[in-house]
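I have placed the structure first, in the form of structure tokens, so that the comments after it can refer back to it.
The values are calculated or read from the model by the stated rules, or taken from the named source; none is laboratory data. Treat the numbers as computed from the prediction; the structure is a model and nothing was measured. Note that we place each Cβ from the backbone using ideal geometry, even for glycine, and neighbour counts take in every protein chain shown. What goes into the accessible areas is simple: the full protein's heavy atoms, side chains included, and nothing from ligands, DNA or RNA. Shrake-Rupley method; radii C 1.70, N 1.55, O 1.52, S 1.80 Å.
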Amino acid sequence: MNTDKLKTIVIGGSGYVAGECLRLLGQHPIFHSPSVVSESRPHSAVVEAFPHLRAQVRTQRFASLEDATRLVRESPTLILAAAPHGVSAGLIDTLLTQAAHAGMSPAVVDLSADYRLRDATLYEQIYGQAHGAPARLNQFVCALPEHLPKTPTALVSHPGCFATAMLLSIWPLLRQGISASEFYCTGITGSTGSGRQPTEGTHHPLRHSDVYSYKALAHRHSPEVMHLLALSTGITPRIHFVPHSGPFARGIHMTVQARLHEPLTHAALLAVFNAAYAEQPCVAVLPHAPRLKDVVGTNYAHLGVHTDGHSVAITTVIDNLIKGAAGGGIQWANRLFGLAPDLGLTSPALGYT
Ligand SMILES: NC(=O)c1ccc[n+]([C@@H]2O[C@H](COP(=O)([O-])OP(=O)(O)OC[C@H]3O[C@@H](n4cnc5c(N)ncnc54)[C@H](OP(=O)(O)O)[C@@H]3O)[C@@H](O)[C@H]2O)c1
């Protein structure tokens with residue numbers, strides 16, 4: 001697609017993921033100066049929400065929903081949606097409807113949970129509220145860009161951050177049929193996983209120097225992961241997931257364990273994962289345990305593969321706000337516009353933070 005006149009809109013303005021979209025797009029050669037829509041502070045200075053982006057955003061102000069509506073009617077647009085679930089579906093529906101009235105069809109990547117499932121009843125069961133635009137559920141495709149060889153329609157939903165780490169770990173095993181389809185997953189996330197609004201669980205005095213589990217075997221990402229793996233491999237796995245809060249701001253460390261069908265060497269397991277991700281520039285397969293600091297601040301996922309011959313443990317690290325949200329969304333946008341998957345997403349980690 002011709003990107004000369006393309007405008008980019010980020011929804012979810014002052015949120016953490018929207019801030020990361022803005023920061024990453026500042027380094028992107030095509031989608032570089034987005035309008036950022038804020039519900040709560042339209043037309044206020046972006047730097048007030050994101051002081052760390054001062055050098056980039058300068059005098060930029062948040063857009064309003066009315067500004068975005070005008071934009072989608074006038075120009076070809078890419079919309080990156082980073083509003084909360086339950087809100088995102090309605091905002092996207094409004095913009096798509098307005099655009100259609102003007103004969104435009106924006107590309108959309110939704111980073112919320114609203115278009116990850118196809119079934120409005122299941123959505124209501126999991127999220128405890130009716131879906132905001134059920135008629136659009138079938139128009140969206142949800143997958144990791146690494147797991148869908150064919151570029152879909154222009155309406156895409158990105159899996160959640162814990163889900164991203166689980167999907168990257170499990171997909172090669174399930175696809176090759178080398179392990180049982182029952183997976184035990186332990187994930188630790190940093191505090192930015194809960195977004196900007198402070199809560200008891202994210203308050204610094206409680207959270208620092210501590211690790212604790214929550215929603216054991218009852219996290220919302222488990223049904224999402226089962227659904228997406230069933231779509232991409234044809235096998236519906238069982239996922240037993242225990243999430244944890246970690247004493248750091250960014251990053252996810254995920255350990256996935258499963259029993260092997262047949263004994264397998266470490267070299268053979270490594271070969272399975274290397275083959276699965278050989279063409280994927282944002283995924284590195286390592287013969288040893290990966291470390292969070294090597295990926296925090298980047299769009300890279302590092303996977304460590306381990307086996308005792310009878311069972312496997314896959315340890316995966318990502319930045320929840322980037323590979324698990326904003327960066328994954330831009331990776332999809334690159335695909336939708338025929339660009340290299342990692343365009344604008346190749347900054348390495350800081351390392352020593
Ligand atoms: N945090 C993560 O690691 C992560 C990872 C993967 C996916 N996600 C998903 O990405 C989305 C954004 O996450 P986040 O962590 O950036 O959340 P957040 O920090 O809470 O930001 C969400 C933003 O959405 C905007 N918003 C618009 N309408 C709203 C409404 N009715 N109620 C509340 N906020 C509203 C608000 O900004 P304005 O008022 O300025 O518009 C708010 O700051 C969520 O759907 C989340 O599930 C997050």
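Less than 11 Å Cβ to Cβ from Asn320, Lys/Arg counted +1 and Asp/Glu -1: what total charge do the surrounding residues give? It works out to a net charge of 0.
Proximity of backbone amide H atoms, modeled 1.01 Å from N, is registered between Val141 and Leu155, Val156, Ser157 at under 5 Å, excluding neighbours fewer than 5 places apart on the same chain.
Shape call for segment 1-128 from the C-alpha gyration tensor, a ≥ b ≥ c root eigenvalues: rounded (a/c under 1.5), prolate (a/b greater than b/c) or oblate? Cα axes put segment 1-128 in the oblate bin. Inter-part distance, segment 119-158 to segment 178-193, computed on C-alpha centroids, equals 21 Å. In the chain, the calculated helix contribution to ellipticity at 222 nm averages -8500 deg cm²/dmol per residue, counting -39,500 (n - 2.57) for every DSSP H run with n ≥ 4. Per residue, the chain exposes 43 Å² of solvent-accessible protein surface, assessed with a 1.4 angstrom probe and all protein chains in place. The charge dipole of segment 202-345, taken about its Cα centre with unit charges on the Cβ atoms of Lys, Arg (+1), Asp and Glu (-1) only, comes to about 340 debye.
Put a plus charge on the Cβ of each Lys and Arg, a minus charge on the Cβ of each Asp and Glu, and nothing anywhere else: the dipole of the chain about its Cα centre is then about 380 debye. Rolling a 1.4 Å probe over the protein chains gives Ile322 an accessible area of about 0 Å². Within the same chain, lysines fewer than 8 places from Lys7 are excluded, and of the rest, those with a Cα less than 24 Å from its Cα are Lys323. The three principal axes of the Cα atoms in the chain give end-to-end lengths of 60, 43, 39 Å, sorted in falling order. Of the solvent-accessible surface of segment 98-151, computed with a 1.4 Å probe and all protein chains present, 49% belongs to carbon and sulfur. Per-residue accessible area (protein heavy atoms, 1.4 Å probe) orders His253, His288, His52 as His52, His288, His253, starting from the largest.
Among residues other than Asp294 with Cβ under 15 Å from its Cβ, the summed charge is +3 (Lys and Arg +1, Asp and Glu -1). Here the accessible area is traced with a 1.4 Å probe on the protein chains. For segment 306-349, carbon and sulfur cover 58 percent of it.
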